[in-house]
Structures are given as structure tokens and as C-alpha cells.
Amino acid sequence: MKIVYLHTDPLPSPMAGSVFALSTAVGLAKAGHETVLIMPRNRRTVAEALEYYGVKPPENLRILLPAPPAIELGSWRIAYSRRFFRAAFKLLQTEAVGADGIIVRTLTLAQYLSRHELPAPLVYEMHDWYADIERKWSGAEWMIDGKKLRRERFLQAVEKETIPRLAGVIALRRATGELMRQCYPAARVEVVPTGLDAPAALPAVSAEPVVVYAGQLHKHKGLQLLFEALKLAPDLRAIIVGGGDPLADLKAEAARLGVEARVEFTGHVPAAAVREHLSRGRVGVLPMRDCFFNRVLTSPLKIMEYYAAGLPVVTVDAPVTREVVEPEQTGLLAPFDDPAALAGAMRRLCLDGELHARCRARIEQLLPDLSWTRRGERIGRFLTELASPRPG
């Protein structure tokens with residue numbers, strides 16, 4: 001089977017979408033599919049991009065990095081997505097000939113391509129949902145200003161135009177797949193969960209009571225709640241792996257709560273170095289704030305990263321997290337917005353050696369079925385199904 005996968009984040013970049021796209025392409029190739037990955041260039045060669053992620057690609061994976069996503073004018077960088085769209089479409093005229101599917105994980109690129117004749121079926125891998133904006137942002141109105149609301153309404157129109165034109169849709173979670181089926185009953189939707197880089201053996205982790213968070217530092221990720229929980233658990237320490245604009249505010253918040261001496265901020269680190277920092281923790285934590293987005297739409301890739309690093313997980317109790325965390329078996333779930341419950345769960349998983357060992361043993365059992373290779377196999381089966389007439 002031949003599969004072309006496209007994404008609009010540059011390669012490499014600190015964005016989660018870039019590593020997700022590369023990991024999916026590697027998984028497709030390891031599953032035996034001839035794979036082509038097309039992403040914008042980001043001032044680096046393919047070899048330099050792969051070194052950034054610490055990835056050695058399979059021989060049946062080709063990576064093409066056409067036009068960069070921005071125009072450089074002195075100190076100004078002007079985003080120019082259409083430039084990449086046109087370059088990608090041109091590449092598809094040769095690279096997708098004979099392909100079983102073209103998979104796109106950016107809605108606007110899916111719209112652009114759906115308006116053209118393509119040499120293979122077009123599939124959208126959904127990482128967001130726009131059919132009901134009011135519902136989507138309920139409980140998180142503080143996250144959306146006028147500019148973002150206008151963008152959301154624009155994407156709502158794009159989604160309604162594009163979905164009916166597609167051969168199929170890939171959702172990452174059952175909850176999001178069900179949303180898509182409800183809003184677009186005619187769409188062929190398949191749930192294919194996020195993957196992980198399965199190690200040959202479960203890595204060792206720290207024996208010290210240290211929780212670690214790795215990822216974006218946006219407000220809805222709930223790191224303020226983590227600091228409040230640390231204040232209630234003076235025997236715990238934390239490592240925060242990630243950088244960006246929110247970092248200064250988070251450092252100030254940790255200082256305000258009096259926990260700054262027990263919180264280490266690494267700042268941004270290359271993707272290949274994240275695993276090293278995870279190994280310094282005993283438990284991975286994801287303390288998200290309560291809102292519809294975090295309950296139903298988010299795809300917590302970092303939980304997979306924690307598992308791959310051998311870390312049991314403490315996170316919030318939500319439909320999307322219940323799909324990947326087995327309570328008392330791979331981690332613990334705490335109620336949203338409850339620092340005391342979060343502190344108790346982190347302390348218990350850090351300090352209860354029997355529980356910690358049981359969770360690590362279960363994670364080790366699950367790793368092969370959670371791999372990016374297994375994800376590649378599932379995507380391949382879905383593309384095969386799309387080639388057959390729909391039952392009924």
C-alpha cells in the first residue's frame with residue numbers, strides 16, 4: 001500500500017503537530033506501507049530535521065520539504081500557507097500517483113485539496129472540531145477572544161464545506177469520532193488512536209518523588225493547578241519540560257505560591273532530549289483545566305510519551321483520558337480543578353511502591369499495541385475499507 005501524509009507545520013518545529021506527523025509517517029512505513037511525508041521546510045535539511053527528533057527513518061519512507069511556511073523580509077516573517085498548499089498540490093501530481101490514500105491533518109489544506117482533482121482518495125485526520133463553536137468552548141470562554149472567535153467561525157465554514165467531499169475521516173479518540181458522526185452522518189469516520197515510540201524494554205525511572213510534565217505551557221493545560229497541588233504536597237518536586245511565552249508567568253505563579261524551590265523549569269529542549277528529562281521523574285502528570293475541549297477534543301499525546309518513558313500517569317478524569325488511562329493499572333485519575341485530589345493522587349503514585357510497580361508492569365504489556373507501527377496498520381486497514389463500497 002502507498003500512502004501520502006501531509007501537514008502544514010514546518011519540519012522540524014517545537015509544535016506537537018510536527019512530531020505527530022513525523023511519528024505517524026514512520027509508523028506507516030514500519031507497518032510496511034510505502035510512505036511519503038510532505039511538510040514545509042524550516043531552514044534545515046531532512047537529515048538535520050531527523051537529527052532534531054532523534055529519528056532514523058525506514059527505507060520505505062520518503063520525506064519531502066517544499067516551500068517554507070513564511071516569507072523572510074528582514075526581521076519580519078510573513079506566514080504564507082498558500083505557497084505551501086500550491087507546492088504540495090504540485091508534488092501530489094507525481095508522488096500520489098498509484099497511492100491508496102492522501103492523508104491531511106490540517107483542515108484548510110484539506111479544503112484546498114478537496115477543490116482539485118487528485119490522483120488518490122483524500123482523508124482528513126481531525127485534530128479539532130468546529131461544527132458547534134459555542135459548545136466547544138463552553139467552560140473555557142476565557143480562552144477565546146474576538147480574533148480567535150472569528151477564526152473559529154471561518155474554520156466552521158471550512159469544515160462544513162470540506163467534510164462531505166472527503167473519502168474518509170480519521171479521529172484520534174472515540175469521543176471525537178462520535179462528535180464527527182453526529183454532525184456529519186454521511187462521513188466515513190474511523191477512530192485510530194495516537195501512538196507512541198515503543199522501547200525495546202521499559203526504561204528505568206527515578207526512585208525520588210518527582211512528577212514531570214512535558215508539553216505546551218498554555219493556560220488550559222492546568223500547570224497553575226499543579227503548583228497549587230505541590231503546595232499541598234511538600235514532599236514532592238516537579239520538572240516542567242517546555243518553553244514559550246507562558247514560561248515567565250508560570251515561574252511567577254510558582255514563586256507566588258511558594259513552590260519555586262521545588263519546581264525545575266527546563267525551558268524548550270529538542271524533541272530528542274525530552275525522553276532524558278522524563279527519565280528524571282517517577283510519575284508523569286497532565287493536570288488539565290475543566291472545559292469541553294479538554295474533556296472531549298484534546299488528544300493527550302503526552303500520556304503516550306509518559307508511557308513510552310515508563311512513567312505511570314496522574315491526570316484528570318475525562319472521556320478522552322479514560323480511553324488511555326486504566327485507573328489503578330496504568331495511573332490515577334483525579335477530578336478536574338481539584339488541587340487536593342491531584343496532590344493526593346501524585347503522592348500516592350509516587351510513594352506507593354506496589355501501585356507504581358503494578359502500573360509499570362501493565363504499561364509494559366500495553367506498549368506493543370500502542371505503538372506508531374500499530375497505528376500505521378490500523379490506518380492501512382481503514383484505507384482498504386474505503387476502497388470497498390459502503391455496506392447498506
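Might you check whether a residue that is assigned to a strand (DSSP E or B) and more than 17 Å from Arg237 (Cβ to Cβ) occurs anywhere in segment 291-314? The answer is yes, given that some residue of segment 291-314 is assigned to a strand (DSSP E or B) and more than 17 Å from Arg237 (Cβ to Cβ).
Hey, could you check segment 10-20 for residues that are in contact (Cβ under 8 Å) with a residue 60 or more places away in the chain and either surrounded by fewer than 21 Cβ atoms within 10 Å (Cβ to Cβ) or within 21 Å of Val97 (Cα to Cα) (or both) and say which is farthest from the chain's Cα centre (by Cα)? Steps first, please.
Residues of segment 10-20 in contact (Cβ under 8 Å) with a residue 60 or more places away in the chain: 12, 14, 16-17, 19-20.
Those still in the list that are either surrounded by fewer than 21 Cβ atoms within 10 Å (Cβ to Cβ) or within 21 Å of Val97 (Cα to Cα) (or both) too: 14, 16-17.
Values: Pro14: 12, Ala16: 6, Gly17: 6 Å.
Once the filter is applied, the top-ranked residue is Pro14.
Selection of segment 134-143 for residues being within 21 Å of the chain's Cα centre (by Cα) and either surrounded by 15 or more Cβ atoms within 10 Å (Cβ to Cβ) or of a type in the set (D, E, K, R) (or both) yields Lys136, Trp137, Ala140. Reported count of residues in segment 265-304, each being charged (D, E, K, R) and surrounded by 21 or more Cβ atoms within 10 Å (Cβ to Cβ), is 3.
Selection over segment 40-55 of residues that are exposed (fewer than 15 other Cβ atoms within 10 Å of the Cβ), of a type outside the set (Lys, Arg) and more than 19 Å from Ala16 (Cβ to Cβ) gives a count of 3.
One residue stands out among those in segment 211-250 that are touching an Asp or Glu at 6+ places or on another chain (Cβ under 7 Å) and surrounded by fewer than 21 Cβ atoms within 10 Å (Cβ to Cβ): the one that is farthest from Asp290 (Cα to Cα), which is Ile239.
Any read-out appearing in this document is the output of simple, stated calculations on the displayed coordinates, not a laboratory observation. What you see is a predicted model, and the numbers here were worked out from it, not measured in a lab. Every residue, glycine among them, receives a Cβ derived from its backbone with ideal geometry; neighbour counts consider all protein chains shown.
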